[in-house]
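One structure is given below, encoded as structure tokens.
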Amino acid sequence: MKTFRCVCGADLFFHSDQCVGCGRSVCRCGSCAMITAVDDQHRCMTCNASLVPCHNRTEHGVCNGSVLADSSSDEKPLCRYCDLNRVIPDLSIEGHLPKWRLVERAKHRVLYDIDRIGLPLVDDHEPALIFDFKSPEKQPVSTGHADGVITLDLNEADSVHRERTRVQFGEPHRTLVGHFRHELGHYFWQKCVLPNCIDAFRDQFGDERDPSYVDARDAYYQRGAPADWQQNFVSEYSTMHPWEDFAETFNAYLDMVAIARTFDHFQSDGDVDLTDFDALIVRYRRIGVMANELNRDIGLLDLVPEVFTPPVIEKMQFVHQLAQSNQARESASSVGC
């Protein structure tokens with residue numbers, strides 16, 4: 001993630017809603033997509049577009065987005081990212097609002113990265129992307145993806161619950177950002193891979209039809225991952241089934257792109273070339289070594305826990321090509337690789 005600049009010269013950050021330098025209101029512009037100060041008429045001070053704050057900002061304080069004033073007649077206008085929500089938590093229950101705020105911050109950050117690499121969030125192709133945020137008070141909730149709908153258990157916003165589950169399943173990381181990246185991997189498999197490049201997928205990840213997902217899942221929870229899983233997979237969980245392998249690889253690819261771009265921004269105010277996959281891998285390895293040692297200096301988990309073997313790199317390159325080819329074809333109204 002990069003920082004932005006207020007008209008007063010102060011730094012603005014992706015989730016900023018007010019400039020700490022001059023006190024101006026700040027939003028994510030619905031026109032130029034910059035994090036920018038707005039004037040008293042709520043006009044973007046970067047592109048001069050007339051804006052309306054997202055309803056989730058004015059009513060709930062969980063968003064800093066906006067929409068174009070002349071494109072919204074809705075009494076409760078929602079920004080591009082909030083408009084993807086179908087179910088939000090029951091805010092009458094104590095503690096749900098701060099958890100939802102954390103969920104939205106993670107979701108917005110990941111969707112912003114998806115926009116930047118060129119995969120489609122909203123288009124005319126099915127399935128449409130939908131988010132359901134539910135809590136388990138009334139019935140159990142399983143985080144997952146099904147036919148375009150990404151469901152998230154609100155308890156994942158509780159750090160104690162999340163850490164307990166992370167240890168239980170032996171995961172190096174378990175974060176809200178990671179959940180969104182993983183489930184979006186499932187979504188883009190259905191949206192982009194299945195209709196366009198399924199044969200190439202099967203060559204790289206295996207045939208998702210045999211064994212079935214249910215049989216593969218049951219076998220994984222009975223026996224676990226093979227002892228040599230690191231030779232061919234980015235995580236233990238990715239050994240379960242080709243769908244999970246793709247979702248975990250998609251997650252790792254987005255981690256790489258986000259960390260490389262953030263590092264590059266703060267190091268040189270530049271922007272890493274997303275089209276050069278080999279350069280991305282080299283850069284990410286160097287950053288990972290440095291960041292892991294910094295984390296170890298104060299007893300934190302490694303920032304980059306994965307070891308990228310040649311088979312894993314080939315799978316990540318598949319995801320890279322998926323994004324690059326979609327970006328090149330979006331003007332032709334087609335999706336795929």
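What to note about this one:
- 0 to 90° range, to nearest 10: angle between helix 96-117 axis and the chain longest Cα axis: 80
- For the chain, leaving out every one of the chymotrypsin sites (Phe, Trp or Tyr not before Pro) that falls in a DSSP loop and has at most 15 other Cβ atoms within 10 Å, the longest unbroken run is 170-337.
- Between helix 213-223 and the chain there is an angle of about 70 degrees, using the helix long axis and the longest principal axis of the Cα atoms.
- ³J(HN,Hα) computed for each position of the range 5-10 - Karplus, 6.51 cos²θ - 1.76 cosθ + 1.60, integer Hz, glycine/proline x: 10, 6, 5, 7, x, 6
- The chain, accessible area per residue, ligands and nucleic acids excluded (1.4 Å, Å²): 50
- Percent carbon-and-sulfur accessible area, the range 52-204, ignoring ligands, DNA and RNA, probe 1.4 Å: 48
- Cross-link partners for LYS138 among the aspartates and glutamates, with Cα-Cα distance under 20 Å and sequence neighbours closer than 8 places in the same chain left out: ASP90, GLU94, ASP153, GLU156, ASP158.
- Against the chain, whose longest principal axis comes from its Cα atoms, helix 310-329 is set at around 40 degrees.
- A dipole drawn for the chain from +1 and -1 charges on Cβ atoms has a positive end, and of CYS29, LEU84, ASN326 the residue lying farthest that way is CYS29.
- Largest-first principal axis extents, alpha carbons of the range 1-123, Å: 39, 34, 31
- Restricting the calculation to Cα atoms, every distinct pair contributes to the Kirkwood radius of the range 195-265, found to be 13.4 Å.
- Rounded Å value of the spacing that divides the Cα centres of the range 149-188 and the range 202-272: 14
- Once the GluC sites (Glu not before Pro) in DSSP loops with at most 15 neighbouring Cβ atoms within 10 Å are cut out of the chain, the longest remaining piece is 138-337.
- Of (i) 18.7; (ii) 22.9; (iii) 17.0, the label for mean projected area of the Cα convex hull in nm² derived from the coordinates: (i)
The values are calculated or read from the model by the stated rules, or taken from the named source; none is laboratory data. Keep in mind it's a predicted model, so treat the numbers as computed, not measured. Every residue, glycine among them, receives a Cβ derived from its backbone with ideal geometry; neighbour counts consider all protein chains shown. Each accessible area value is taken on the protein alone, full model and side chains, heavy atoms only, with ligands, DNA and RNA left out. Shrake-Rupley method; radii C 1.70, N 1.55, O 1.52, S 1.80 Å.
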